[in-house]
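Everything on this sheet refers to the single structure shown next.
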Amino acid sequence: MKKIITVSLVATMALTGANAISNSELAVKLNSLEAQLADVKKKLKKQNKKINKVKAHDSGDNIKWGVDLRTAIDNINYDLANGTSAGKSDLMSLRLWLNMAYAPDTHNVFKGQLSMNKAFGADFASPTNRNFSLGGQFDWTGNEALTDNSLKVRQAYWLYLGDSAFGADIPWTFSLGRRPSTGGFLANLREDDAAQSPLGHLINVEFDGLSSKLDLSNVTGVPGMSIKLCMGKGSTNASPLFASATPYAEGNQIEDVDLAGFIFEPYNDGQLIVKTTLYRGFGVPGQNPIPTIGGSNPMNPSLSLTASPFVVTGDMDGAGISVMVDGLTDEGYFADAKVFASFAWTKSNPDAGQMMLGSADSETGTSYWIGAVLPVDESSYFGLEFNHGSEYWRPFTYSEDTMIGSKLATRGDAFEAYFNYQLTDSLSAQIRYTDIQYDYTGSNGFFGNFSGASNKISDIKDGAAAFAQLGGTLDANGANNLGVVTGNLIASGMPPAQAQQTAGALAGAALFAPNVVEAAQDFRFYLRYRF
């Protein structure tokens with residue numbers, strides 16, 4: 001028995017010693033593993049830090065894209081001065097905007113927008129249409145007019161955001177490229193878009209140029225006070241490649257068209273917004289009428305009129321003030337209501353020997369524009385607008401978003417009503433009616449003595465009627481029987497020289513009447529998808 005107990009004690013002691021050795025070695029190994037694990041964690045932390053930097057860098061390198069797709073149907077009508085009408089009840093169109101933005105740091109921003117705008121089943125980008133853009137030399141409406149299914153650059157510009165100008169607490173910006181110069185202040189309301197740079201009452205065309213803004217609110221203590229310099233080039237007389245032996249040199253076309261001005265914002269607290277502008281358009285283009293006397297009988301000739309090539313007519317000045325109250329009360333229904341009023345002025349400065357807007361003298365035009373946007377519920381609003389323009393009113397609003405021409409360019413009265421409804425977060429609908437009543441010709445023309453000439457439409461109608469009553473006729477060859485008309489005027493007691501001049505003026509009225517729009521209407525419905 002003692003032997004057995006002794007043997008067991010010896011075995012137990014031996015096993016305990018072995019375990020002691022194993023535990024010691026294990027402790028060493030555990031310490032080693034812990035050191036290795038700590039080193040791995042340290043390296044992993046560094047790697048994660050590098051990965052995060054790479055992710056942040058790659059994220060910043062990606063251009064952010066957005067889509068704006070609008071499908072519209074318009075019912076348009078034109079009433080002409082000769083008593084006829086023209087129109088289309090189902091003009092369908094598709095407009096696509098692909099928006100781009102990229103900010104590599106807090107001071108630099110790139111923004112761009114690709115655009116397609118076309119009529120269903122049509123390609124309007126024919127070489128013939130380029131004649132109305134000076135042979136493609138300027139593109140004020142390149143993305144606003146219906147063209148074809150190709151993507152074009154509507155916006156592409158670089159924007160720098162500075163913290164302090166001239167060592168003072170004046171945040172500033174500088175931008176260069178194809179700037180956002182359509183859908184400006186107040187013109188943006190019916191589309192529920194953010195207002196772009198210019199005042200929509202005077203400027204609504206695509207331009208390439210620069211802008212620089214100084215935020216004066218910190219140094220003046222006046223909320224939102226700022227001033228912005230804007231400069232743009234609306235046309236170039238450089239010759240295209242292969243057009244001559246000296247590509248891109250000055251050609252035989254008209255001179256460059258430039259525009260420069262200021263936008264001064266005296267007050268903007270988010271509820272009361274006041275903006276003003278002053279600018280000059282240099283070397284603006286226009287055409288002149290070319291009369292041709294024809295017919296087989298020289299004693300009873302016919303008269304036809306054609307447009308001359310584009311020429312520089314002179315300079316055009318403009319100024320305006322626009323005011324909007326965004327929220328009439330702090331609470332309740334009128335807290336979301338908007339009302340606005342705008343007054344604008346233009347002045348022509350014809351070059352020597354040229355006529356602008358049908359006059360050899362410097363002429364002044366004015367326009368006023370009022371409107372209200374009223375909420376219907378949380379998802380919809382209703383808008384009403386009215387504007388009036390005088391005889392020689394001439395803004396740069398060729399790209400305004402209507403199918404019947406710019407309502408804000410109207411020399412007469414224009415009324416518009418619209419209802420916008422947000423169907424989902426990304427889908428909206430609009431019903432809009434625009435009615436224009438013209439008092440004078442040339443509202444949507446250029447700056448010369450042909451399409452842009454301002455003549456009282458009632459005088460055009462009276463002249464055309466008198467021409468017919470005195471024996472004149474009108475056909476594809478022009479206004480006929482000038483001799484008969486002149487003879488009848490002489491018979492009524494008018495001196496011969498005056499009768500001949502009057503007959504020519506009446507014939508001109510007869511020729512213009514079929515191409516003079518007296519009134520226009522556009523009823524539109526659209527669906528718009530944005531994200």
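All of the numbers you see were taken from the coordinates with simple rules; none came from a lab. Owing to the predicted nature of the structure, the values given are computational and were not obtained by experimental measurement. Positions of Cβ are backbone-derived with ideal geometry, glycine not excepted, and every protein chain shown enters the neighbour counts.
Axis angle, to the nearest 10 degrees, between helix 2-61 and the longest C-alpha principal axis of the chain: 10 degrees.
Simple spin-label estimate for Ala156 and Val325 gives 4.5 nm between the two label positions (7 Å along the Cα-to-Cβ direction from each Cα). Setting aside same-chain residues fewer than 8 positions from Lys88, which aspartates and glutamates have a Cα under 18 Å from its Cα? Straight-distance partners of Lys88: Asp74, Asp79, Asp123, Asp401, Asp435, Glu518, Asp522. Computed from the Cα positions only, the extents of the chain along the three principal axes stand at 165, 66, 53 Å, in decreasing order.
Quickly estimate the mean residue ellipticity at 222 nm for the chain, helices only: each DSSP H run with n ≥ 4 gives -39500 (n - 2.57), and the total goes over all residues, rounded to 500.
Values: 5 runs with 104 residues, N = 531.
Rounded to the nearest 500, the figure is -7000 deg cm²/dmol.
Using a cut-off of 27 Å between Cα atoms, the listed pairs Lys46/Lys111; Lys407/Lys461; Lys41/Lys64; Lys118/Lys456; Lys233/Lys347 include Lys46/Lys111; Lys41/Lys64; Lys118/Lys456 as exceeding that distance.
Shape summary: the stretch 401-486 maps onto an equivalent ellipsoid whose semi-axes, from the alpha-carbon gyration tensor, are 41, 13, 12 Å in decreasing order. The stretch between Ile431 and Ser24 holds 137.9 nm of extra length on full extension. This uses 0.36 nm per residue minus the Cα-Cα distance.
Helix 482-491 and the longest principal axis of the C-alpha atoms of the chain enclose an angle of approximately 50°.
To the nearest 0.05, how large is the calculated FRET efficiency for Thr106 and Asn75 if R₀ is 41 Å and r is the Cβ-Cβ distance? Numbers along the way, then the final one.
On the way: r = 49 Å, r/R0 = 1.18.
That pair, Thr106 with Asn75, gives E of 0.25.
Between Phe242 and Ser85, the distance separating the two model label sites (each 7 Å from Cα on the Cα→Cβ line) works out to 4.7 nm.
Farthest toward the positive end of the dipole of the chain, out of Ala122, Leu229, Ser150, is the Cα of Ser150, where the dipole comes from beta carbon charges about the Cα centre. At full extension, Phe174 and Thr473 could sit 101.7 nm farther apart than now, given 0.36 nm per residue minus the alpha carbon distance.
Residue ranges 95-101, 339-345 sort as 339-345, 95-101 when ordered by packing (mean number of other C-beta atoms within 10 Å per residue, highest first).
A viscosity of 0.890 mPa s and a temperature of 25 °C, combined with the Kirkwood radius over C-alpha pairs in the Stokes-Einstein formula, give the stretch 234-337 a diffusion coefficient of 129 µm²/s. Size of the stretch 305-369: Rg and Dmax of its alpha carbons, in Å, are 19.8, 61. Along its three principal directions, the equivalent ellipsoid of the stretch 426-531 from the Cα gyration tensor extends over semi-axes of 42, 13, 11 Å, largest first.
Each DSSP beta bridge with both residues in the stretch 386-516 is either parallel or antiparallel, and the antiparallel ones are about 100%. Which semi-axes, in whole Å and largest first, does the equivalent ellipsoid of the stretch 169-253 have when worked out from the alpha carbon gyration tensor as the square roots of 5 times its eigenvalues? The three semi-axes for the stretch 169-253 are 35, 18, 9 Å. Highest-first packing order for the peptide set 198-206, 513-521, 401-409 is 198-206, 401-409, 513-521, based on the mean count of other beta carbon atoms within 10 Å. Using a simple spin-label model with pseudo-atoms 7 Å out from Cα toward Cβ, Ile370 and Asp317 lie 2.8 nm apart. For the stretch 101-249, the Kirkwood hydrodynamic radius comes to 17.8 Å, computed from all pairs of different C-alpha atoms.
Determine the gain in length on full extension of the stretch Phe124-Ala360; use 0.36 nm per residue of separation and subtract their C-alpha separation, reporting nm with one decimal.
Details: separation 236, 0.36 × 236 = 84.96 nm, distance 3.55 nm.
Gain on extension, Phe124 to Ala360, equals 81.4 nm.
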